[in-house]
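Enquirer: Here you go, one structure.
The values are calculated or read from the model by the stated rules, or taken from the named source; none is laboratory data. Since this is a predicted model, take the numbers as computed values, not measurements. Cβ placement follows ideal geometry from the backbone for every residue including glycine, while neighbour counts extend to all protein chains displayed. The protein model used for the area step is the full one, side chains on, heavy atoms only, and it has no ligands, DNA or RNA in it. Shrake-Rupley method; radii C 1.70, N 1.55, O 1.52, S 1.80 Å.
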Amino acid sequence: MFWGRKSRQTAAEKIRAIKEYLEGNSSMNFIAKQLGINKESFRQWVANYESMGTESFFTEQNKHYSKAEKEQAMTSYLAGKGSFIDICKKYKIHSTAQLKTWVKKYNGHEKLNASGTGGTVIMTKGRKTTFEERVEIASYCISLDHNYAQTAEKFKVSYQQARNYTVKYEKNGIDALQDHRGKRKSEDSLTELERLRAELKLEKAEMEASFLKKLDEIEGRRG
């Protein structure tokens, strides 16, 4: 099926194109090219259709979102729970540009009081950290069963930094917490003693988290 290129497609044309793609009759690239739009725009149409149905193409796209709805979506994105398109699909947001604007707006502020974090303040502005600080941050976060918001508040770093340091360590070990940019000699040439201290600190945090988790499970069975 072919569509003529034009600046704006009707709702019916969008739905027809989406169904053509979902039924496996044409690729996303091919349809986007035929419509004269970029692939990401068509991907957004598909996400909107899958999360909100045909109604999303007939209703006003300048939908009003409450503060709580915006914060919930941003919190999910900052927590790494999906890409912009994934979050838009989950929270029924019409455009990734809309979500990006919210994130950019709040990233310009020092703090964001977000719902869904138990009232904990989420730091959105990052700062430079040393290797020792990254070890402290990751170990503290692990000991708190990955409470990124509380960790970010304690160490005055961004929510994303707290999450990234923890995830990096858990995936790739102690070396992942080093800053390899430039000539950071003090970090690139860790002594065996420094490495051992860092590893012990992180291992201790893991043991504490594991112990507390098992304790909770035992108490849960008793209850």
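Enquirer: Go ahead and run the numbers for FRET between residue 200 and residue 125, Cβ-Cβ distance against an R0 of 41 Å, rounding to 0.05. Present the calculation step by step, with values, prior to reporting the outcome.
Expert: Details: r = 31 Å, r/R0 = 0.76.
Rounded to the nearest 0.05, the efficiency is 0.85.
Enquirer: Also, quick follow-up: Take the residue pairs 39/63; 67/100; 104/128; 92/154; 14/67 and return only those whose Cα atoms are more than 25 Å apart.
Expert: In this structure, 92/154; 14/67 lie more than 25 Å apart at Cα.
Enquirer: Something else: Could you check the spin-label model distance between residue 133 and residue 171? Points 7 Å from the Cα along Cα→Cβ, value in nm.
Expert: 2.2 nm
Enquirer: OK, next. Arrange the residues 175, 145 by how much accessible surface each exposes, largest first, with a 1.4 angstrom probe.
Expert: The most accessible residue leads, giving 145, 175.
Enquirer: On to the next question. How far apart, in nm, are two points set 7 Å out from the Cα along the Cα-to-Cβ line at residue 12 and at residue 41?
Expert: Going by the 7 Å Cα→Cβ label model, 2.1 nm.
Enquirer: How far apart, in nanometres, would the label points at residue 192 and residue 67 be if each is projected 7 angstrom from Cα along the Cα-to-Cβ direction?
Expert: Reported label-point gap for residue 192 and residue 67 is 5.7 nm.
Enquirer: Please arrange 192, 133 by accessible surface area, largest first, computed with a 1.4 Å probe and ligands excluded.
Expert: So, going from the largest accessible area down, we get 192, 133.
Enquirer: Net charge near residue 88, counting Lys/Arg +1 and Asp/Glu -1 over other residues with Cβ under 14 Å of its Cβ?
Expert: +4
Enquirer: Ordering 202, 22, 78 by how much accessible area each has at a 1.4 Å probe, largest first, what is the list? Mind dumping the intermediate values first?
Expert: Details: 202 0, 22 80, 78 20 Å².
Highest to lowest solvent-accessible surface, that is 22, 78, 202.
Enquirer: Please compute the per residue accessible area over the range 9-73 with all protein chains in place, 1.4 Å probe, rounded to a whole number of Å². Display every interim value, and only then the final one.
Expert: Values: 3620 Å² over 65 residues.
Accessible area per residue, the range 9-73: 56 Å².
Enquirer: Rounded to the nearest percent, how much of the accessible area of the range 65-106 (1.4 Å probe, protein heavy atoms only) is carbon and sulfur?
Expert: After summing per-atom areas, the C and S share lands at 53 percent.
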